[in-house]
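This report concerns only the one structure given below.
The values are calculated or read from the model by the stated rules, or taken from the named source; none is laboratory data. This structure is a prediction, so every number in the text was calculated from the model and none was measured. As a convention, Cβ positions derive from the backbone with ideal geometry for all residues, glycine included, and neighbour counts pool all protein chains shown. Surface accessibility is based on the protein's heavy atoms, side chains included, excluding ligands, DNA and RNA. Shrake-Rupley method; radii C 1.70, N 1.55, O 1.52, S 1.80 Å.
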Amino acid sequence: QAQLVESGGGLVQPGGSLRLSCAASGRSFSVYAMGWFRQAPGEERKLVASVRWPGGSTYYEDSVQGRFTASRDQRKNTGYLQMNNLKPEDTAVYYCAVQRAGWGQTYDIWGQGTQVTVSS
């Protein structure tokens with residue numbers, strides 16, 4: 001089955017770093033863009049970063065600008081979210097999602113989510 005498998009979450013101290021990975025698994029599909037979303041308890045899921053496969057252009061929410069970097073390995077159909085200088089308010093479940101090439105701009109394939117906890 002076409003799916004995204006996330007890894008790299010965990011517990012980190014404030015100021016620390018984590019790198020999340022998001023890899024296509026199972027039935028193949030073509031990626032146009034990958035978005036990174038997060039959802040904290042009681043809050044709506046929101047987009048915090050994205051990367052376009054052709055050319056690698058990126059978008060960042062203001063709250064993560066300068067701290068997070070989205071990238072991709074086109075050969076592996078794998079995306080990465082490098083998170084530096086993490087803050088307690090970054091604590092959330094992080095989800096990757098993709099826009100499939102030829103399927104418009106909808107994020108319609110989602111990873112399982114990975115917990116990121118920033119705490120002393």
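Some values worked out for this structure:
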item: Amide H contacts of residue 16 (H built 1.01 Å from N, under 5 Å, at least 5 apart or other chain); result: 86
item: Against the rule of thumb 2.2 N^0.38 Å, how large the Cα Rg of region 25-91 comes out; result: 1.20
item: Charge dipole (the chain, unit charges on Cβ, about Cα centre) - positive-most of 25, 85, 63; result: 25
item: Relative contact order (%) - the chain, alpha-carbon pairs under 8 angstrom, separation at least six; result: 34
item: Surface per residue (accessible, 1.4 Å probe) for region 17-93, Å²; result: 52
item: Separation of the residue 115 and residue 100 label points, Cα + 7 Å toward Cβ, nm; result: 3.1
item: Kirkwood estimate for the chain, i.e. one over the average of 1/r between Cα atoms, Å; result: 14.3
